[in-house]
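Down below is the structure, laid out as structure tokens.
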Amino acid sequence: METKANYVAVGAFVLACVIGLVVTVMWLAGVQYSQEYAYYQAYFKGSVTGLGKGTVTRYNGIEVGRVTELAFDPNDPQRVIVTMQVQPNLNIREDSVASIETQGFTGGSFVEITGGTARSPILVAHEDQRYPVIRTKQSTFAELQQSAPELIAKLNTAASRINDLLNDNNRRAIAHVLSNLDETSQVIARRSADIDATIANANKAMANLSDATNSLRPTLSHVDLTVEKYGKVADDADAFINGDGLAQLSDLVGEMRRLVANLTQASDQLSRQPTKLLFGDRRKGYEPK
């Protein structure tokens, strides 16, 4: 009887645990279904591999909801409409952006919503939209996939050029250059004393040149002064030519010419009649009757 009593107690305990578990699950399910959600849509162009109903939706890295529906855009067959169910208190802004991201190269995909500033208005649905539409962008992985062929082509081109650079002829040429460099370095090592002497002589020549330059400075100062004086004389000559001095000089030259002519005439008369200067002109003029 005691053994049967233990079995009954254990069975009652297990039954109570099962009932409690069922009640807890029903309560959690009721809370979940009674909770209100906000719905948004995002239009992704191209493949949405990895997305499905129930895919996680994150906002700035924090899980905030799930994907509820995937559908093709009837106006553009290249686009896929992704409907998301998220927490109602997110207040997603108009400058927010959605993208499809991947947890590493082998992890699952999810929808990441980023951006959004306090000054940007709250994102709302337009008249022709069922839900507010979040702007989209390509994910980093998708951009890498698109740029991979171009990157591989560039790598192939670089590899071909490297192979061309390292052909037999170029390798021999490089070996010859290295051999010449080795010989040159050996010659420089043997001539190190001569090189040091040349450098010392160059330093001495530079010092002598500096001393010569210092000694020439007074002469250059006198030259500058002389040039300045000649410049002043040139300015005075230019002012004389362009001003009234040239006209006055011309008048003076005319007066000197007339004076010389008068003196010449008087000299000629004195030569012909030397007494005229002492007694005057004694000739009587003709008087008509």
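The values are calculated or read from the model by the stated rules, or taken from the named source; none is laboratory data. Keep in mind it's a predicted model, so treat the numbers as computed, not measured. Protein only, heavy atoms only, side chains kept; ligands, DNA and RNA dropped before computing areas. Shrake-Rupley method; radii C 1.70, N 1.55, O 1.52, S 1.80 Å.
The figures follow:
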read-out	value
Segment 58-105, accessible area per residue, ligands and nucleic acids excluded (1.4 Å, Å²)	55
Exposure ranking of 196, 76 by accessible area [1.4 Å probe, largest first]	196, 76
